[in-house]
Amino acid sequence: MQSRHSLPITAMKASFEKTTEQAVEQTAAKHATSQGGLLPCLHEIQAELGYIPNDYLKNIASAFSLSTAEVHGVVSFYHDFRTSPSAQQSIQICCAEACQASGSRELEAGVAGVLGVEFDETHPTDNYRLERVYCLGNCACGPSVRINDDVYGRVDLASLPQLVSEAVQS
Ligand code: FES
């Protein structure tokens with residue numbers, strides 16, 4: 001039974017989304033009149049929310065008199081910007097030269113297919129983010145992968161799903 005003071009979940013979600021949208025709009029309005037204000041605006045939104053919500057790129061675009069595609073282009077160009085909340089866990093695939101020489105290109109190309117998540121995105125159910133990194137200090141044993149704090153060597157597409165299912169906490 002619902003307590004007298006609690007909001008129904010749908011009302012809380014709507015309220016949170018409204019607050020997020022308002023925060024985005026206020027920050028966009030603050031920077032929209034400045035020359036070159038888009039990047040500072042995006043940095044401030046990410047600092048406040050932890051990411052730049054895809055759903056509100058249109059609000060930012062409107063404030064700057066740009067198209068949503070133009071704002072999306074800027075967000076996706078800079079590696080530091082995230083469009084989804086950061087996960088507590090991460091899987092990092094080393095894509096630097098030594099690992100490439102021992103097979104990480106195949107891992108890089110096929111990892112989305114075996115894990116069901118794209119690079120720079122968070123897995124929809126397992127709460128980890130898939131990232132590229134450039135050297136994990138394990139070059140002699142590549143291809144190298146770090147899952148949270150542990151580095152694994154000689155990882156391939158066949159062994160990765162098992163490693164992930166053992167190391168990641170859903
Ligand atoms: S190049 Fe991959 S661990 Fe160094």
Worksheet item: Given the rule -39500 (n - 2.57) for each run of at least 4 DSSP H residues, summed and divided by the residues of the chain, what is its mean residue ellipticity at 222 nm, to the nearest 500 deg cm²/dmol?
Response: -14000 deg cm²/dmol
Discussion item. Would you calculate the convex hull of the Cα atoms in segment 36-86 and tell me its volume per residue in Å³?
Written reply: 69
Discussion item. Counting only Cα atoms, I'd like the Rg/Rh figure for the chain, Kirkwood definition for Rh.
Written reply: 1.08
Practice prompt. With a cut-off of at most 11 other beta carbons within 10 Å, and DSSP calling the residue loop, which chymotrypsin sites (Phe, Trp or Tyr not before Pro) in segment 64-150 qualify? Please list them.
Written response: Y78, Y134
Fill in: Peptides 143-154, 29-40 ordered by average Cβ neighbours within 10 Å, highest first
143-154, 29-40
Item to complete: Would you please give the FRET efficiency between Q26 and F77, computed as 1/(1 + (r/R0)^6) with r the Cβ-Cβ distance and R0 = 25 Å, to the nearest 0.05?
Response: 0.55
Worksheet item: Per the Debye formula with a single identical scatterer at each Cα and no solvent contribution, what log10 I(q)/I(0) holds for segment 89-167 at q = 0.15 Å⁻¹?
Response: -0.42
Worksheet item: Picking from A109, T68, V24, whose Cα lies most toward the positive end of the charge dipole for the chain (charges on Cβ: Lys, Arg +1; Asp, Glu -1)?
Response: V24
Worksheet, complete the sentence: Percent relative contact order for the chain, counting Cα pairs under 8 Å at least six residues apart, stands at 17
Worksheet item: What is the diffusion coefficient of segment 118-163 in µm²/s, taking the Kirkwood radius over Cα pairs and the Stokes-Einstein relation at 20 °C with a viscosity of 1.002 mPa s?
Response: 186
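Taken together, the values in this text are just the output of simple stated rules run on the coordinates, not laboratory data. Since this is a predicted model, take the numbers as computed values, not measurements. FYI the Cβ positions are ideal-geometry reconstructions off the backbone, even for glycines, and counts take in every protein chain you see.
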